[in-house]
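Structure first, then comments.
The values are calculated or read from the model by the stated rules, or taken from the named source; none is laboratory data. In this text, all values refer to a predicted model and were calculated from it rather than measured experimentally. So basically every Cβ, Gly included, is an ideal-geometry build from the backbone, and we count neighbours across all protein chains shown.
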Amino acid sequence: MTARRLDLPLTLFAVAAAVELVAVAADVTALQWVAKPLLAPLLIAHLRRPGPITLALVFATAGDIALLVPGQTAFLIGMLFFLGTQITLIVAFLRRSRPPVAAMIGYGVVWAGANVLLWSGLGALRVPVMIYSLALTTMAAAAAGVSRRVAAGGACFLVSDALIGLGVAGFEPPGHGVLVMATYMAALYLIATGFDGRGPTGARARDE
């Protein structure tokens, strides 16, 4: 029986993720500036080659940095970068396979319901959020056709950004920031390790 090879980038990703969660829970902004910008680049290092997921993670890195800056302008810039992430993932997923009709209908209902629910609280951000959320739910639906792992990643991404939308609209459940980051980091991990079939050890794995 051979020992599993350690994947250093994923190990460092786990460390950065833990530090980020602690920083968010304790509201230590300086520590968030250290940990958050490392998350997507460490997954890029795990992938070790260019491709659509790498490009999506580059957009996510830029978005993460923008969202660390206070203010609505920075928020909109971050949303624009993450729109690039969603569009890149949609193209990659649809090239791999067609999503199930049930996923398309289900996520369509989620998109409409969420926008109706949040509309009155979003103010000037209504249209940008509507456009971004359409790309987000399309990505999640497309992810459902790739694999169970990628589908879970797409769903986590949707939950994370939905929680951000709730916060923008003035509704923040207890532990809001930690929930946002936990689901976001899970999304990146599941998509990055699931799309090309390479699991945590870096070896090509059977599709889950």
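Just one of the listed residues (ILE90, ILE105) is in a helix (DSSP H, G or I), modelled with pLDDT of 95 or more and surrounded by fewer than 20 Cβ atoms within 10 Å (Cβ to Cβ), namely ILE105. Would you mind stating whether LEU118 is more than 16 Å from GLY165 (Cα to Cα) and either buried (at least 18 other Cβ atoms within 10 Å of the Cβ) or at pLDDT 95 or above (or both)? When the stated conditions are applied, LEU118 does not pass them.
Condition check ((1) surrounded by fewer than 19 Cβ atoms within 10 Å (Cβ to Cβ); (2) part of a helix (DSSP H, G or I)) across all residues:
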| residue | (1), (2) |
| --- | --- |
| LEU21 | yes, yes |
| VAL24 | no, yes |
| GLN32 | no, yes |
| ILE44 | no, yes |
| PRO50 | yes, no |
| ALA56 | no, yes |
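The set of residues in segment 145-180 that are of a type outside the set (D, E, K, R) and not in a helix (DSSP H, G or I) comprises GLY145, VAL146, SER147, ALA169, GLY170, PHE171, PRO173, PRO174, GLY175. There is no residue in segment 40-47 that is farther than 14 Å from VAL15 by Cα, of a type outside the set (Asp, Glu) and over 18 Å from the mean Cα position of the chain (by Cα). Per the conditions (1) part of a helix (DSSP H, G or I); (2) more than 24 Å from LEU31 (Cα to Cα), the sole criterion not satisfied by GLY63 is (2).
Residue check: PHE171 meets all listed conditions (1) under 22 Å from VAL69 (Cα atoms); (2) surrounded by 20 or more Cβ atoms within 10 Å (Cβ to Cβ); (3) of a type in the set (Phe, Trp, Tyr) but one, namely (2).
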